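The values are calculated or read from the model by the stated rules, or taken from the named source; none is laboratory data. No experiment lies behind these values; they were computed from the predicted model shown. Here Cβ is always computed from backbone atoms with ideal geometry, including for glycine, and neighbour counts include all displayed protein chains. Surface areas here come from the heavy atoms of the whole protein model, side chains and all, with no ligands, DNA or RNA. Shrake-Rupley method; radii C 1.70, N 1.55, O 1.52, S 1.80 Å.
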Amino acid sequence: MNRPRGHGWAVPWVPRLACATALLLASSLGPGAVAQEGHLTKAPKLIKFVEAVTPPGHAPDQTAVVFLSITIGDRGPVDDVQVQKSSGMKDYDDAAVVAAKQFVFEPAEFDNLPSSVVITYRYEFTVREELISVGPQVNFEGTVLERFKKKPLAGVQVAIADLSRGTETDDNGKFAFLDVPVGTHNIQLSGPTLITTRTEETIVKGKKKTVKYLVEEKDADTNVDEVVVVRASRIKKETVETQIVTEEARRVPGTQGDTLKVVQNLPGVGRSSFGSGQLVVWGAGPDDTKVFIDGVDIPALYHVGGIRSTVNGDLVKSIELIPGGFGAEWGRALGGVVKLETADLPSGVHGYVAADEIDTSGMVSASIGDRLTVGVAGRYSYLDKTLPLVTSSNVGEFVPIPRYDDYQGKIELKLRQGEKLSLLLLGSDDALQRTLYSTDPSLLRTQTESSYFHRLILRYERLMPDGSSFTITPFVGNDQDDNTYVFGPVPVDLNVVTNRFGLRSTYRQKLESHVTLALGLDAESNRSFLGRVGSLTLPSREGDIVVFGQAPGDQIAADNWSVNIVNVAPYAVAELTFGDLSVTPSLRFEPTYISGNRSLPPTGASLPIGYDRFELNVDPRLNATYGIGRRLTLIAGGGLYHEPPDPRDLSPVFGNPTLGSSQAIHTVAGVSFKLTGTLTFEAEGFYKWLSDLVARNPSATPQVADLLQQTEIGRIYGGQFLLRQQIFKGFFGWATYTISESDRKDDPTSAWRLFDYDQTHVLSLLASYDLGAGWQVGARFRFASGFPRTPVIGSYYDSKNDQYDPVFGPQNSIRIPPFYSLDARVEKSFTFGGRLKLNVFLDVQNLTNQSNPEEIVYNFDYSRQGYINGLPLLAVLGGRLEF
Amino acid sequence: MRRSILMAVITLAACKPDLGPPASLISGLRVLAVRANPPEAPPSGPDAGVLYELLAVTPGGTVIGPQPAWAYCLAPTPPSENNLVSPLCLGPNAQLAPIAQAGSDGLAQLPSSTCQLFGPLTPPPIGDAGPGRPPDPDVTGGYYQPVRVDLPLNDGGLLTSFGEERIYCGLAGVTEAVASGYATGYTMNHNPVLQGVTAAVAGGSAQALLAHDGGSGLSVPAGASVTFAAGWPTGTAESFPALDPVSRLLVTQTENLITSWFVTGGAMALDEVEVPGTDTATSASNQWTAPTTSGPVHLWVVLRDSRGGVDFGEFLVMVE
């Protein structure tokens, strides 16, 4: 048999009926043999055996024995062959004769002389299953399909990791390997647009292994539903993540159909303070968690009040929340990272329009030719007009009703195969205006607030034939915040205008089957123009000891300043796979240039003196996962992180122009266990150490331009748990629980205190079920510890301002009572003609009308206290028409 | 974001629960005003002497002849402090400079360091640190020296209150022209003068209220709606130059006049009424609903200007 090419044994083995011949050499002479005179000094030796051709037409297990009389000449060849005893089958006899006539012997010798001799030879035909190679054979093949739509995926890298062999799926999603050795092998599926998956396959001798893989694609085809990918925490890309299909996210009760609001229900995300919509992630400040869309920073994920997200969810393909331990691709954040990726616009003409009592939104997209697609989306709110119709007409005095709108426009151009260009324009606008009258003019409060941001993002993407990928994303942006408040006689005015431009670029390539390298550049320049007039203590800062509603200090200052912060960060990320172990080291260099127009407060006629400085931060990070079997995965990671100073803190009058970057160390470890194919359990522990945080200078006589200092440190530790059932027979849901503590120490002489946003316990239970016939129902229960507050233990009378001032106890030593809420949702879908789909929903928040305290309030002399409760039952009725 | 924090503050401020009677109802011993005469003084010189007076009241009327303890607070207020004074001005180990007493009023001279501790002058350095940051002025461009007054209680405790003396220190960190303009154009504050209070029962004519010691007082029916009007002479709201923090130039301001109203029975519609400086009115009105039970009701009106000047008066109303 021939040895196959490659390694291992030739496969498939072809069973063949072979002849295993027992050579029987009879030295006796048969009848008719010519007796040879002399002494046999050397017996004849068969040196060339010829296998007889098995006669056809017999059973596979047919055997036969033929006795032949073979005349061997004195030179060795066979002179004659006669059948001495038949096998009973002439064709077997004839076949044996034909073969024997081709035998070659060493001649016999009589008295040392070659001599002719006749022998009796037993030729036996037997069955022997023999596996032979007929050349290289495919013994491991399969098809890779997208998990939800079962669409074949081309270009997927399929690797036998332990053999360092790999191939790529064809247009039909098929792949094949030749002659894979028998045994168990580690199989890895990966690709620039794929969530890497690992499994094991066992190759058995003589058998072909055919498989079908259902994988989760990150870069979905235009016809695939958008996938909202929400990662509870990111150690390695594919390690710990919670992926929620858009339809799941839209069905979550309490989100009023806003896909992106599902983030508020994830583990590690605390409940935001009333009316803020802020993201409090793993005990970090809201400003420390950054939001990116297609790699570009935006100021907020939600509109003021947290009612709606600032980006239309239908334009979003995936959203990832990484509470900590993220890789070097992301920076300028001490807390977490929220990543939004916009979806490819669908081909053809599509769109939707939706309305409820809060706002109206819509989107339409259309293809122009085969390569160009254009889409626009927008949202406009009118809650300020509708709410008074169903409540009191002066409801605006009790509840701040923001007005907001947002818009997005996108142009996509497909260039070559795997190459595309897109232009995204987006913006968000928020406005809030109200006046609170009081019987006491010193308690008169007016508030005028407006904020908006715009981004223009150009994105070029190229997927190379070798699987490597390249993206480059230049952008420009403009943010503006105008806030004017009046607290009795004390005005507060803060205006910030920031012009931004930047560039993000990434090149990613699989160097070996177990090594992938990504190199990138994350550059951003922000030039801010700021103006502030008013009290030093308003806006308040985290760590300020203040009673809710307390008037700010009556000392007034003013400043106008500008700041330029340029941050150019090259980074490298390596993904190394060693069997079940994956290690992702990454490194980020962050040179940062900070300059400002004023280092000291204005004095007389003196000209302003500017400043500039340069700092270099190096952030190493490491993530690792280890798979144990097919269900269990261990994860660990961490790293060093830096965040540049906030331009609002760099005023020489209100802050400190010498502030530099703050720093954090993240450590995370956990486990992920697949109970079933759709039921998973995750548990993670985390610890963060923060340093060089900015806090108020506690000195009664601080130096000039030194009202803020970087002496604050922080620590955050805790654990989070997630039990999640993905869509299974119409049901999905999850239970999340986070227990944590977040502390701060304002300066070396002060004691540790609770962080203002600390929430010891956060629990969220939600479930949704498809009843069929277009009906869906869902419920959500939330529990969260109340925020820390500082107690008031006394007061004194201030005659000048005719008010009482509080005397405080230990900082953040008490808490607002915990928060409970039960929400419900019911939805009905109608389909018309296969093209039109109408969804009507009723989303009820706080179904039991629970009175949840949101703040502690006191009477005029702080001798009595009470609570202000949050929103009562809130029912939102809406509809959505898709085409 | 920080702005959202403030928005939440505003959000809930109007949804307050019932926290008992308003500030205008006197239900126990309270200090209603601390008056300095003059209300503004320099730290030295012939105008430096100041007389302090206290208005302390109970449901039975003004507390006559209290024996409070007066002191100047010597701890500068940290810029991070929302309250009027530093916590170091409170408690038994407070940083204070006692004021000599003459009867129930304190006669004092401002501390020589007051313009450095609470005024626009550079504070003294601490150790090897560089020059300190002077305090910022209030909206009227003024600086104030806190004055602590402790009223002894029957249980041995103290009722602590603070007044503020506006201190004349000139301007710092301005151009010579601005400093010169301020020096020539600024007139130190004078206390406003409360000329009296009239009362008009619904549908009736206004009648002058007599001071609390002027007899039995005006009679009103139980539950009647009464309009009080507190008056002051023309020119009480003084104009003065103040440094605009944005332009760093002098602008002319006119004092706002604020009347605070306190009663021992019934209910005031407003705790305070403010007449802005742009308004030339010489009176402020407030509605009062008389209690349903008969008896005397004490009324106090405190008149303040926006530079710390104070006057006050007590009146008596008989409910029948």
| said: So if I restrict to the alpha-carbon atoms in segment A:753-883, what is the Rg, and what is Dmax, the biggest pairwise distance, in Å? | reply: 22.5, 75
| query | What number comes out for the charge environment of A:ALA355, summing +1 per Lys or Arg and -1 per Asp or Glu over other residues with Cβ under 11 Å away? | reply | -1
| query | List for segment B:270-284: residues with 10 Å² or greater reduction in accessible area, all protein chains versus chain alone, probe 1.4 Å? | reply | B:LEU270, B:ASP271, B:GLU272, B:GLU274
| query | Put +1 on the Cβ of every Lys and Arg and -1 on every Asp and Glu Cβ in the protein assembly as shown; which of A:VAL180, A:ALA605, A:GLN509 then has its Cα farthest towards the positive end of the dipole? | reply | A:VAL180
| If you take the Cα Rg of segment A:793-836 and divide it by 2.2 N^0.38 Å, with N the number of residues, what do you get? | 2.90
| remark: proj_area_mean for segment B:128-186 (convex hull on C-alpha atoms), units nm², value 7.2 nm²
| query | Under 20 Å from the Cα of A:LYS85, which lysines turn up, not counting those fewer than eight places away in the same chain? | reply | A:LYS101
| task | Starting from the exponent 0.38 and prefactor 2.2 Å, build the expected Rg for segment A:276-370 from its residue count and divide its actual Cα Rg by it. | result | 1.27
| message | If N is the number of residues in chain B, what value comes out of its Cα radius of gyration divided by 2.2 N^0.38 Å? | response | 1.09
| Solvent-accessible heavy-atom area per residue, rounded to whole Å², over segment B:99-211 at 1.4 Å | 44 Å²
| Pair-distance profile P(r), taking every C-alpha pair of chain A, with 10 angstrom steps and integer % | 2, 10, 18, 20, 15, 9, 6, 5, 4, 4, 3, 2, 1, 0, 0, 0
| remark: Placing +1 on each Lys and Arg Cβ and -1 on each Asp and Glu Cβ in the protein assembly as shown, then taking the dipole about the Cα centre, the residue among B:GLY173, A:TYR407, A:ALA161 whose Cα reaches farthest towards the positive end is A:ALA161
| request: Provide Rg and Dmax in Å for segment A:842-881, with only Cα atoms included in the calculation. | output: 15.9, 55
| What value does segment A:562-680 have for Rg/Rh, both radii from Cα atoms and Rh as Kirkwood defines it? | 1.25
| Average beta carbon contacts from partner chains per residue of A:693-701, 10 Å cutoff | 6
| query | For segment B:188-312, what ratio Rg/Rh do Cα atoms give with a Kirkwood hydrodynamic radius? | reply | 1.07
| What's the buried accessible area, both sides, between A and B using a 1.4 Å probe, rounded to 100 Å²? | 6900 Å²
| message | Please report, in whole Å³, the volume per residue of the convex hull around the C-alpha atoms of segment A:809-876. | response | 123 Å³
| What are the semi-axes of the equivalent ellipsoid of segment A:474-537, taken as the square roots of 5 times the eigenvalues of the Cα gyration tensor, listed largest first and rounded to whole Å? | 45, 13, 7
| task | With +1 on each Lys and Arg Cβ and -1 on each Asp and Glu Cβ, and nothing else charged, work out how big the dipole of segment B:166-320 is about its Cα centre, in Debye to the nearest 20. | result | 100 debye
| request: Could you sort the residues of segment B:59-86 by number and keep only those whose accessible area is reduced by 40 Å² or more in the all-protein-chain setting relative to the chain alone, 1.4 Å probe? | output: B:PRO76, B:PRO79, B:SER80, B:ASN82, B:ASN83, B:LEU84
| field | 14 Å Cα-Cα reach of A:LYS317 towards aspartates and glutamates, excluding residues that sit fewer than 8 places from it in its own chain | value | A:GLU216, A:GLU217, A:ASP219, A:ASP221, A:ASP225, A:GLU226, A:GLU247, A:GLU248, A:ASP258, A:ASP294, A:GLU341, A:ASP344
| task | Choose one of B:GLY49, A:SER740, A:GLY638: the residue whose Cα lies farthest towards the positive end of the charge dipole of the protein assembly as shown (beta-carbon charges +1 Lys, Arg; -1 Asp, Glu; about the Cα centre). | result | A:GLY638
| field | Calculated over segment A:70-112: convex hull of Cα atoms, volume per residue (Å³) | value | 62 Å³
| Overall dimensions of segment A:432-575 as given by Cα atoms, namely Rg and Dmax in Å | 23.3, 75
| query | For chain A, which whole-number percentage of the solvent-accessible area (1.4 Å probe, protein heavy atoms only) is attributable to carbon and sulfur atoms? | reply | 58 percent
| query | Under unit Cβ charges (Lys, Arg +1; Asp, Glu -1), what dipole magnitude, rounded to 20 debye, does segment A:580-650 have relative to its Cα centre? | reply | 260 debye
| field | Relative frequency of Cα-Cα separations exceeding 20 Å in segment A:616-683, percent | value | 54 percent
| request: Find the accessible area per residue for chain A; the probe is 1.4 Å, ligands and nucleic acids are left out, and the unit is Å². | output: 40 Å²
| request: For segment B:97-247, calculate the relative contact order in percent as a whole number, restricting contacts to Cα pairs under 8 Å that are 6 or more residues apart. | output: 16 percent
| Separation in nanometres of the label points that stand 7 Å from Cα toward Cβ, at A:SER691 and A:ALA523 | 3.1 nm
| Roughly to the nearest percent, how much of the accessible area of chain B is carbon and sulfur, given a 1.4 Å probe? | 55 percent
| request: Return the lysines within reach of A:LYS828: Cα separation strictly under 18 angstrom, same-chain partners fewer than 8 residues apart disregarded; answer none if there are no such residues. | output: A:LYS729, A:LYS837
| task | Quote the convex hull volume per residue of segment A:668-780, based on C-alpha atoms, as a whole number of Å³. | result | 137 Å³
| message | Need one number: nm distance between label points at A:ALA773 and A:GLN102, each 7 Å from Cα along Cα→Cβ, rounded to one decimal. | response | 8.0 nm
| field | Relative contact order (%) - chain A, alpha-carbon pairs under 8 angstrom, separation at least six | value | 8 percent
| message | Explain nothing, just the number: dipole magnitude of segment A:138-186 about its Cα centre with +1 on each Lys and Arg Cβ and -1 on each Asp and Glu Cβ, in debye rounded to the nearest 20. | response | 300 debye
| Do you know which residues of segment B:17-46 lose at least 40 square angstrom of accessible area in the protein assembly compared with their chain on its own, with a 1.4 angstrom probe? | B:PRO17, B:LEU19, B:ARG30
| query | Against the longest principal axis of chain A, how steep is helix A:90-100, in degrees 0 to 90 to the nearest 10, with axes from Cα atoms? | reply | 90 degrees
| query | Relative contact order for segment A:728-850 using alpha-carbon pairs under 8 Å, separation at least 6, rounded to a whole percent? | reply | 20 percent
| If exposed GluC sites (Glu not before Pro) are those in a DSSP loop with at most 14 other Cβ within 10 Å, what is the longest stretch of chain A that has none? | A:131-883
